[in-house]
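Scroll down for the structure; my scribbles are underneath it.
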Amino acid sequence: MSNQIRVRFAPSPTGHLHMGNVRTALFNYLFAKKHNGSFILRIEDTDFDRVKKEYEDSILEDLKWLGLNWDEGTDCGGDYGPYRQSERINLYREHADRLLNEGKAYQCFCSPEELERKRKESLSKGLPPRYDGKCCNLSREEIVSYEQKGIKPSIRFKVETGLIEFEDMVRGKMTFKGSDIGDFVILRSDGVAAYNFAVTVDDALMKITHVIRGEDHLSNTPRQILLNQAMGFDIPEFAHLSMILGYDRTLLSKRHGAASLKELKGEGYLSEAVINYLSLLGWSNPPLPPFTKGGRGGIREIMPLNDIIKNISIERVSKSPAVFDIKKLKWINSHYIRNKDIAELTELAHPFLTKAGISVDTVDKNWLYKVVDTIRDNIETLSEIDKYARIFFDEIIKIDSENLEILKDNTVVEVLKSLKDRIEKEENITEEIADKIILYIKEKANIKGKKLMMPIRIALTGKTEGPELKKIMSVLRKDEMIKRINLAQKPIANT
Ligand code: GLU
């Protein structure tokens, strides 16, 4: 086996990428990067009934969105292509014929109905539903007679009965019994390669050194090891990553906050946050001294990609299922929102603002940057941005009856009057000047805290919470603020 590390992500395009797939792709990518290896994207599309081109496109798009760029794949080619299984049918046929000629596989003429009946029989007797080997030793005449009846055979692999052992990088030593497996189909009667066979041929011909995948594939590994041995291929290293469960320990689904990456994207999670969160999920990262920046509870939770690559170690991935914690992901996301380059963040926020009916295309770019910058500390996902963005875009600020009550306090008349006077006098309201204005009102009206800030906030934004007032004041135009104060003063004047 060459020293060059080669790993692959091999999705079946039968649905959108879910968290488990993303984690598998990510660990393969990180492992390749750490070892200066190659990351290969192979599309396993032999389940013709369920495969859809739109899913394949969506998988590629999602991986690109995450920045998990591959070195070889369906779109960019590579030395070991084609990288789509449906284009490799002849290779599978060739290898199946070789096994057949070497007596390591045989033609099986059993009908699906017969196999199903025997399967049920075994199960009802409490036996494992293994193939009984009926076609293993057919005579030449029997084969010819089946062929004359027009029955197309599948090809079955002969499984030796001994032990199959391997060292899993996550789970340690694994042992399976060949006798539990039974001869299995490698090429179906319609000529389509079965999953285990296609994967083994592909991994070998693509010179894959490490197979990192979900633990749902663990029981396939002994089959793939046997096939590798039979075909004289090197056996790759295996790492089976645990499942990702929801907080209630059931399989992750929509109700846990995220099943597919599409949903997370739609909610406005940043790719860096998803990568950061999923990389450290179920990975026993060595604890940090308490109170380290980017850490909570002594564990470093904020880690940029380069550090993750440096630190990643498959052996430290936990064997037990990982529990998806949407709150932690949100917390990490808010960190990346706060620290993102403002032009890039604004670009990312654009579709969320547009979707909320806020038209941002005609406004000055630098002003829009200020708006987004003002809001970013208050949100955890980009889909929340419109909640605060409206205060900068709405023509009319509505003050609901509850907030109106707050404005009716007898101190408010003076507060709003002073606010307007001072704003009128200023040429350009920066955060510093806004601070000074607030301080001036505080002294003039002799009030502080909520009583001071709340009426100002309500008058300027219609809300009782939101970004820092001085920031809001430095973003809103002067005439807009005066218009809003006038509006807020009206109902009070009438009381
Ligand atoms: N195509 C398989 C899946 O999507 C993965 C195969 C493998 O990693 O061996 O689950």
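The values are calculated or read from the model by the stated rules, or taken from the named source; none is laboratory data. Note that the structure is predicted; figures quoted are calculated from it, not measured. All Cβ positions, even for glycine, are placed from backbone atoms using ideal geometry, and neighbour counts span all protein chains on display. SASA here: full protein model, heavy atoms, side chains in, ligands and nucleic acids out. Shrake-Rupley method; radii C 1.70, N 1.55, O 1.52, S 1.80 Å.
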>> Considering only residues that are more than 11 Å from the ligand (Cβ to nearest atom) and hydroxyl-bearing (Ser, Thr, Tyr), which ones fall in region 211-242?
In response: Ser219, Ser242
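Restricting to region 224-242, give me the number of residues that are over 19 Å from Phe27 (Cα atoms) and in a strand (DSSP E or B).
At the first step, the residues of region 224-242 found to be over 19 Å from Phe27 (Cα atoms) are 224-235.
Right, trim to in a strand (DSSP E or B) and you get none.
Residues flagged as over 19 Å from Phe27 (Cα atoms) and in a strand (DSSP E or B) within region 224-242 amount to 0.
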>> Take residues that are open to solvent by 70 Å² or more (accessible area, probe 1.4 Å) and either touching a residue at least 40 places away in the same chain (Cβ under 8 Å) or within 19 Å of Leu476 (Cβ to Cβ) (or both) and tell me which of the helices (runs of 4 or more DSSP H) falling wholly in region 341-396 contain 2 or more.
In response: 365-375, 385-393
> Out of (1) more than 26 Å from Val170 (Cβ to Cβ); (2) among the acidic types (Asp, Glu); (3) within 15 Å of the ligand (Cβ to nearest atom), the odd one out for Asp62 is which?
Replying inline: (1)
> Among Asp234, Asp180, which is at negative phi, at pLDDT below 95 and surrounded by fewer than 18 Cβ atoms within 10 Å (Cβ to Cβ)?
Replying inline: Asp180
> Mind checking which residues of region 251-264 are surrounded by 15 or more Cβ atoms within 10 Å (Cβ to Cβ), in contact with an Asp or Glu (Cβ under 9 Å, 6 or more places away or on another chain) and of a type outside the set (Ser, Thr, Tyr)?
Replying inline: His256, Gly257, Ala258, Leu261, Lys262
>> For region 183-202, which positions are open to solvent by 10 Å² or more (accessible area, probe 1.4 Å), within 11 Å of the ligand (Cβ to nearest atom) and within 14 Å of Arg88 (Cβ to Cβ)?
In response: Tyr195
> Hey, does region 243-250 have a residue that's part of a loop (DSSP other than H, G, I, E, B), open to solvent by 10 Å² or more (accessible area, probe 1.4 Å), modelled with pLDDT under 95 and within 15 Å of the ligand (Cβ to nearest atom)?
Replying inline: yes
> In region 87-110, how many are touching a Phe, Trp or Tyr at 6+ places or on another chain (Cβ under 8 Å) and either of a type in the set (Phe, Trp, Tyr) or within 24 Å of Glu56 (Cα to Cα) (or both)?
Replying inline: 2
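To keep it simple, each residue is scored yes or no on (1) modelled with pLDDT under 95; (2) open to solvent by less than 20 Å² (accessible area, probe 1.4 Å); (3) among the hydroxyl-bearing types (Ser, Thr, Tyr).
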{"residue": "Asp400", "(1), (2), (3)": "yes, no, no"}
{"residue": "Asp409", "(1), (2), (3)": "yes, no, no"}
{"residue": "Glu427", "(1), (2), (3)": "yes, no, no"}
{"residue": "Glu443", "(1), (2), (3)": "yes, no, no"}
{"residue": "Arg457", "(1), (2), (3)": "no, no, no"}
{"residue": "Val475", "(1), (2), (3)": "no, yes, no"}
{"residue": "Lys478", "(1), (2), (3)": "yes, no, no"}
{"residue": "Arg484", "(1), (2), (3)": "no, yes, no"}
> Tally time: how many residues in region 29-44 are away from the ligand (no atom under 13 Å from the Cβ) and in a loop (DSSP other than H, G, I, E, B)?
Replying inline: 3
> Of all residues in region 207-223, which are open to solvent by less than 10 Å² (accessible area, probe 1.4 Å), closer than 25 Å to Lys33 by Cβ and in a helix (DSSP H, G or I)?
Replying inline: Thr221
> Which one is nearest to Arg6 (Cα to Cα) among residues in region 60-110 that are hydroxyl-bearing (Ser, Thr, Tyr) and open to solvent by less than 30 Å² (accessible area, probe 1.4 Å)?
Replying inline: Tyr83
>> I'd like to know if region 19-27 contains one or more residues that are open to solvent by 10 Å² or more (accessible area, probe 1.4 Å) and assigned to a loop (DSSP other than H, G, I, E, B).
In response: no
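Identify, please: which residue in region 1-15 is surrounded by fewer than 18 Cβ atoms within 10 Å (Cβ to Cβ) and touching a residue at least 12 places away in the same chain (Cβ under 8 Å) and is, among those, nearest to the ligand (Cβ to nearest atom)?
First, pick out the residues of region 1-15 that are surrounded by fewer than 18 Cβ atoms within 10 Å (Cβ to Cβ): 1-4, 14-15.
The next check asks that each one be touching a residue at least 12 places away in the same chain (Cβ under 8 Å); those that pass are 1-2, 4, 14-15.
Values: Met1: 18, Ser2: 21, Gln4: 20, Thr14: 8, Gly15: 9 Å.
Looking at the filtered set, the residue picked out is Thr14.
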